[in-house]
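Student: Here it is: the structure, laid out below.
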Amino acid sequence: MPGGRLTREDRRDIAAGLAEGLGYAEIARRLGRPTSTVSREVSRNGGPRDYRPDHAHQATERRARRRGPARFAAETAGGAAHGRDPEAMRALEELFAEVLVGSGITRTPARVLTCLSLTDSGTLTAAELVEALRVSPASISKAVGYLEEQGLIRRERDPRGRRERYVIDGDIWFEAFLSSARTNATLAAAARQGVETLGRATPAGGRLEGMAEFLERTSRDMLDVALRWRHVLRDRERDDSPEGGSPGGR
């Protein structure tokens, strides 16, 4: 059916369409599927030249058996009640994690951040993360330590017991952006010191001066953006509060 998972026959039809030289849109039209479904299926399983339908079907079944963060999120946070499509959630999980890995975050921290981001509560214990990601407690400990250092998550004591919970806040990207601006400013200061040591007239000194100017400018611009966004966040919090939402709270 159009909204369900791809069948083995669907995948063989995709392979046949690729062999004919058809585009994703035409293959999707023939299957009665969104073009994005076909493009994602092919890119996930070797690309147009190396796509093998039986191999792709087996790989998908293996992924389905894994209890990844999106499935865990759907089960523990009322996913079924929200009418979420498990296949779409798995695709989102993979996409989100891959984008984070591409941004420079190593795989396990990226998967932890994905798990927390896709869980409605935004908070999970170490044991829940171990169960969701199927990795060792040591791997989770190392991953959350890295994410804490980056200011992307925080930990808090579970009021119902002695366990700690890891929490992702709605403004984590604001904090990460601010941290990046500060890092740029620190690098700019180091570059300026390098200019003084090496001499502005030397090739290395001139190169560092250009680096310092660029990082100083981008740091200032990033801080300006961050400050403007902070005002937006505060206005949003005020509007969402009971006092702010009432006529008398304005």
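The values are calculated or read from the model by the stated rules, or taken from the named source; none is laboratory data. Quantities reported herein were computed from a predicted structural model and do not represent experimental measurements. Backbone-built Cβ (ideal geometry, glycine too); neighbour counts: all protein chains shown. Each accessible area value is taken on the protein alone, full model and side chains, heavy atoms only, with ligands, DNA and RNA left out. Shrake-Rupley method; radii C 1.70, N 1.55, O 1.52, S 1.80 Å.
Student: Grab the Cα-Cα distance for VAL99 and ASP171, subtract it from 0.36 nm times how many residues apart they are, and report the gain in nm with one decimal.
Tutor: 24.1 nm
Student: Another one. Name the trypsin sites (Lys or Arg not before Pro) in the stretch 143-242 that are in a loop by DSSP and that have at most 14 other C-beta atoms within 10 Å, would you?
Tutor: Listed in order of number, the matching sites are ARG160, ARG162, ARG163, ARG200.
Student: Before anything else, pin down the relative contact order of the stretch 84-162: Cα pairs under 8 Å, at least 6 apart, normalised by residue count, whole percent.
Tutor: 23 percent
Student: So how do THR202, THR197 rank on accessible area, 1.4 Å probe, biggest first, that is with the largest at the start?
Tutor: Reading off the accessible areas and sorting them downward yields THR197, THR202.
Student: Non-local amide H neighbours of THR125 (under 5 Å, H modeled in plane, Pro and chain starts lacking H): which ones?
Tutor: Distant-sequence amide H within range of THR125: TYR166.
Student: Working out 0.36 nm times the residue gap between ALA201 and ARG182, then minus their Cα-Cα distance, what length gain in nm do you get to one decimal?
Tutor: 4.0 nm
Student: Same structure again: Using Cα centres only, tell me the gap between the stretch 105-166 and the stretch 188-213 in whole Å.
Tutor: Each part's Cα centre sits 41 Å from the other's.
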